[in-house]
Ligand SMILES: Nc1ncnc2c1ncn2[C@@H]1O[C@H](COP(=O)(O)OP(=O)(O)OP(=O)(O)O)[C@@H](O)[C@H]1O
Ligand SMILES: [Mg+2]
């Protein structure tokens, strides 16, 4: 039922493409019309019923009055008092030929004897075609009451009752009253109700239009301000109304959305600027190297060295471009992540084994403490990238003769992987920024030999977050750093 109503509303809304303001007017006015029609109909029915009941009471009183004036003489019905009061009330032979009077004017009375033969009637009653049950029923002992229609279509209410003398039926009295005055009164009432109803509906439509205009004015203002805000000036905000209502909530939500949009926009702009800056340096190096090699006269040794330099720069450039691509795919939500059970302990061991050579080259001692078995749910290739980047940093930022520890343990709710080193450490002011793209604690080492691009930890943080985990860093300048990755563990 609810779904049906919803569908009906939707169809009406689609077929009537009105503004919200006019929609409110239409709905309110329709609701009021239905309400007015319903209450009007109820009121009319009740009034008609009450008025008809009062006519029945009147008729019975009138019948009682007339009955009190009927006199019984030698078993014959006599009407001295009645004939005195009733204009034209006479026996049949006297008025049968005369034209019947209008039922709306003149009394409607008829007297019949115990056999149902007419004794007397008023001229107006003569026009009525009274059903035989109105005679037979009271003669059988039950009073009769009913509504009769005249040939002219007028309705008359008639009551029929017997007159008794010592328990014996002596006559039958029928009294009627035209319902025309009642009907014309009711018609006047309907006209008045319609007039008042239309007036109320007009006021209601105007009122709901005004109310809708008043309520939607703040939204109108809000959308006008919002329209003025474009991508260029995202620092603008919509005015927040003082009254705590839905519009205030909407304005606040809108401003919050603008905040995050602005932040994202600034981040994106900085990312593009940083990326172009990072790319410009190696390209310049390659160009210069090639330029030097092409100087006359060409020397084989110098050409070979230049080509080697160009190759190593290109390799670094490729790495940088791969990282950039990874991050931009992550931003766009295009990166696909596998969701498979990964033997994390084995994975960490393998990565450590591959970096042992690099550690040895830098005379760094690498030791592990890995619990077995440790499993996580995720993407194996991405998790390798996490461990690789952390180990690469630990080795890169630790001086020769230093130490790196890799610890993997299964805690109650998470898997914890720590990479700790005795390296140069990170100053407290840099710690909050190291996960930002292109951020390097030592900004002087931009694109110098041995330095990275500053994207490694951004990628680590993105992969860990995508796995539902977190990363924590503790560091002290000159003592070393410890990066701990927490990943949700897989229930056995
Ligand atoms: N173990 C560590 N010890 C000291 N400093 C670190 C360590 N790990 C990261 N840092 C600091 O954080 C910065 C950001 O690290 P990140 O891995 O993102 O970039 P990167 O190592 O410079 O370049 P790459 O993109 O090649 O990884 C580093 O430049 C470095 O200053
Ligand atoms: Mg790094």
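Read-outs: derived from the displayed coordinates by stated rules, not from any lab. Quick caveat, the model's predicted, so the values are computed rather than measured. A quick note on method: Cβ atoms are made from the backbone with ideal geometry, for glycine too, and the neighbour counts reach across all protein chains shown.
Overview of values
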quantity	calculated
Tilt relative to the chain, helix 2-15 - C-alpha long axis, 0 to 90 degrees, to 10	80 degrees
Under 19 Å from the residue 403 label point (7 Å along Cα→beta-carbon), backbone N, the stretch 422-438	422-426
Mean projection area, nm², convex hull over Cα of the stretch 1-69	7.3 nm²
Equivalent ellipsoid dimensions for the stretch 337-488 as semi-axes, Å, which come from the Cα gyration tensor, largest first	24, 18, 14
Rounded tilt (10° steps) of 180-228 against the dominant C-alpha axis of the chain	10 degrees
Hydrodynamic radius by Kirkwood, which averages 1/r over all alpha carbon pairs of the stretch 246-330, in angstrom	16.3 Å
Where N is the number of residues in the stretch 253-292, Cα Rg divided by 2.2 N^0.38 Å	1.95
Base-10 log of normalised Debye intensity for the stretch 157-293 (one unit scatterer per alpha-carbon) at q = 0.09, 0.11, 0.12, 0.18 Å⁻¹	-0.68, -0.78, -0.83, -1.07
Volume of the Cα convex hull of the stretch 90-227, divided per residue and given in Å³	179 Å³
Rel. contact order, % - alpha carbon contacts under 8 angstrom, at least six apart, the stretch 246-330	26 percent
The stretch 295-329 versus the stretch 142-173: alpha-carbon centroid distance in Å	121 Å
Using a Förster distance of 35 Å, the FRET efficiency for residue 11-residue 198 (Cβ separation, nearest 0.05)	0.80
Descending semi-axes in Å of the chain, equivalent ellipsoid built from Cα gyration tensor	111, 28, 18
Tilt relative to the chain, helix 246-293 - C-alpha long axis, 0 to 90 degrees, to 10	30 degrees
